[in-house]
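Worksheet: the structure to be examined is printed underneath.
The values are calculated or read from the model by the stated rules, or taken from the named source; none is laboratory data. Just so it is clear, the structure is predicted and the values come from calculations on it, not from any experiment. Virtual Cβ from ideal backbone geometry, glycine too; neighbours counted across all protein chains shown.
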Amino acid sequence: MSGPESSADGLGLTSHDPARAAGHEDPPPRVGFFTDTSICIGCKACEVACKEWNSVPEDGLDLTGMSFDNTQTLGADSWRHVAFIEQRKPMRFVDALAPPGAGAGGDPDVADGRVRADGDFRWLMASDVCKHCTHAACLDVCPTGALFRTEFGTVVVQEDVCNGCGYCVPACPYGVIDKREGDGRVFKCTLCYDRLGDGLEPACAKACPTQSIQFGELDELRERAAARVEVLHEAGVTDARLYGEDPADGVGGDGAFFLLLDEPEVYGLPPDPVVTTRDLPRMWRHAGLAAVGLVAGVASVCLLGERARP
Amino acid sequence: MTGTRSEPRFDSYYGRPIINPPVWEALDIAGYFFLGGLAGASSVLGAGAQATGRPALARTAKAGALGAIGVSFVALVHDLGRPARFVNMLRVFKPSSPMNLGTWLLSAYAPAAGVAAASAVFGRVPRAGAAATASAAVLGPAVATYTAVLLADTAVPAWHDGHRELPYLFAASAAAAAAGLGLIGAPTAQAAPARRLAALATGAELVAVELLKHRVEEVAETYEEDRAGRLMRAAQVLGIAGAGGALTAGRHHRVAAAASGVALLAASAATRFGVFAAGMRSAEDPRYTVGPQRRRREARA
């Protein structure tokens with residue numbers, strides 16, 4: 001745990017190599033998750049494996065009525081969260097027995113005849129997780145250096161340094177990191193930093209039975225994801241799109257990115273997240289001007305107008 | 001659906017917030033913003049009053065600055081999940097964290113405010129007092145305005161989207177509070193700067209709030225409705241009443257001046273609690289996160 005705690009150029013907002021920008025010399029390749037929600041079956045094995053491996057405490061056994069989602073959200077005690085979305089939309093599936101060219105049914109979206117659009121109900125499932133942003137607001141605003149960038153390019157909280165100030169909580173544009181009740185400190189996904197050090201994949205990816213959660217080197221995951229979207233588009237699943245894979249986005253790209261089948265906000269994800277510290281230089285300029293204005297205002301009311309009466 | 005305003009359509013995940021709302025207590029954090037602003041602006045007013053021969057006003061401002069910053073420290077430490085680890089913020093110097101810079105700033109400012117106040121009240125060590133007065137007057141404006149950056153440097157729509165205007169609002173609110181304290185503690189013969197500052201600050205605050213609300217578009221609702229709306233309106237009424245009272249009856253009547261001062265202090269506190277409440281509301285409702293982001297994305301496409 002000797003990693004530097006702050007980006008080398010202060011904010012590190014120009015770098016696409018966060019480990020090197022944080023001062024790691026000759027770091028291993030950046031790793032992350034590609035979560036392909038099109039093959040998630042909602043089994044929650046990822047949630048369970050994460051809790052077991054990381055000793056994350058139980059945080060309420062509620063029945064929410066939110067489809068099969070009783071976890072509700074990511075937080076200090078839920079580092080993986082499987083979302084369930086029920087929609088009045090036809091479900092698309094591949095009919096492996098149908099001959100090619102058959103059964104398109106006049107649907108212009110269905111290019112390959114083996115893909116059927118059936119019924120008026122579909123169920124989206126998606127396992128959410130910390131995004132391990134290239135430009136991580138939680139890490140930037142942390143006043144103690146408890147949050148740091150690992151050599152793998154991931155973002156981890158050092159529990160023995162966190163003082164529970166809570167600044168990272170509203171700084172995260174995804175609503176990931178949160179304070180643990182009764183403890184006071186913040187917790188989130190570490191991308192199984194301890195397992196990475198031993199050459200193992202994170203517990204959630206290991207446990208995923210459909211390879212919806214894929215762990216690997218980020219560059220390779222991005223290629224794999226692009227190919228997967230292409231396959232889905234060719235098969236007529238035109239609403240498949242990648243989320244968080246673009247290094248040009250507001251957080252410099254996510255270390256954990258997704259293939260979604262609907263708009264991000266349907267899954268509880270922000271449509272256009274931005275690292276808040278991107279605007280920090282401008283905030284300080286305005287604060288500086290406001291401070292100068294305060295001095296000028298007080299000086300003028302002391303010096304101008306009526307003089308002091310004896 | 002007739003008669004209802006058409007809302008922009010968007011989906012959400014069971015109406016749950018996108019971002020995690022702040023875990024801060026309003027009393028600790030908004031209370032600190034009020035007290036920190038009062039302290040910082042009072043240090044400037046104290047130095048100005050001393051330089052222009054108004055010792056009673058200077059004494060009031062300096063003593064008030066020390067008291068306010070002392071209570072601030074208690075509030076800040078109290079809000080930490082692990083209060084014993086307050087000093088962990090001094091193990092690094094981290095320019096990307098406004099809270100870290102603020103902690104260093106307070107660590108430099110508080111002793112200066114303390115020496116300035118002690119020297120003014122007890123009339124001892126005038127040279128050290130003068131140096132401390134000058135130091136506190138230099139650091140005070142930063143203490144009064146960095147808190148706006150601290151709030152704006154989050155993903156909270158009502159705060160981040162208003163990051164250009166929030167520092168001016170906080171500076172004006174801090175000046176109004178310092179003016180209010182000066183009106184309570186100093187005789188009317190010496191309180192002329194406080195009276196003028198009350199009017200100037202209240203006017204600046206009214207303008208800053210309007211510019212802020214214009215900037216944040218639909219998120220302005222969070223400043224206008226519910227608890228935040230009531231607090232922001234109370235701040236306006238109290239501010240105008242306080243400044244008006246100070247410039248009229250408060251010129252000659254000590255009781256009227258003090259009452260105006262109380263109104264100005266209350267106005268400043270209401271502003272900070274109002275801004276805090278607006279931020280909480282904007283974080284809790286996903287539409288304030290999704291709406292502006294979707295428009296930004298569509299404008300780019």
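Some values worked out for this structure:
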item	result
Members of segment A:29-43 found to be buried (at least 20 other Cβ atoms within 10 Å of the Cβ) and of a type outside the set (Gly, Ala, Ser), listed by number	A:Arg30, A:Val31, A:Phe33, A:Phe34, A:Thr35, A:Asp36, A:Thr37, A:Cys40
Residue ID - farthest from the chain's Cα centre (by Cα), chosen from residues in segment A:210-239 that are modelled with pLDDT under 95 and either under 14 Å from A:Pro273 (Cβ atoms) or among the aliphatic types (A, V, I, L, M) (or both)	A:Ala235
Subset of segment B:91-112 [at the interface with another protein chain (Cβ under 8 Å from one of its Cβ atoms) and in a loop (DSSP other than H, G, I, E, B)]	B:Arg91, B:Val92, B:Lys94, B:Pro95, B:Ser96, B:Ser97
Evaluation of B:Ala142 against (1) more than 12 Å from B:Leu66 (Cα to Cα); (2) more than 13 Å from every other protein chain (Cβ to nearest Cβ); (3) of a type in the set (A, V, I, L, M) (one fails), failing number	(2)
Residue within segment A:241-248 that is within 11 Å of chain B (Cβ to nearest Cβ) and of a type in the set (Ser, Thr, Tyr) present	no
Pick from segment B:10-34, criterion of a type in the set (A, V, I, L, M) and part of a helix (DSSP H, G or I), ranking: nearest to the chain's Cα centre (by Cα)	B:Ala30
Matching residues in segment A:127-181 - criterion: being in a strand (DSSP E or B), in contact with an Asp or Glu (Cβ under 7 Å, 6 or more places away or on another chain) and buried (at least 24 other Cβ atoms within 10 Å of the Cβ)	A:Cys133
Residue count, segment B:244-265 (criterion: part of a helix (DSSP H, G or I) and touching a residue at least 60 places away in the same chain (Cβ under 8 Å))	12
Test: residue in segment B:270-286 that is among the aliphatic types (A, V, I, L, M) and more than 27 Å from A:Thr73 (Cα to Cα)	yes
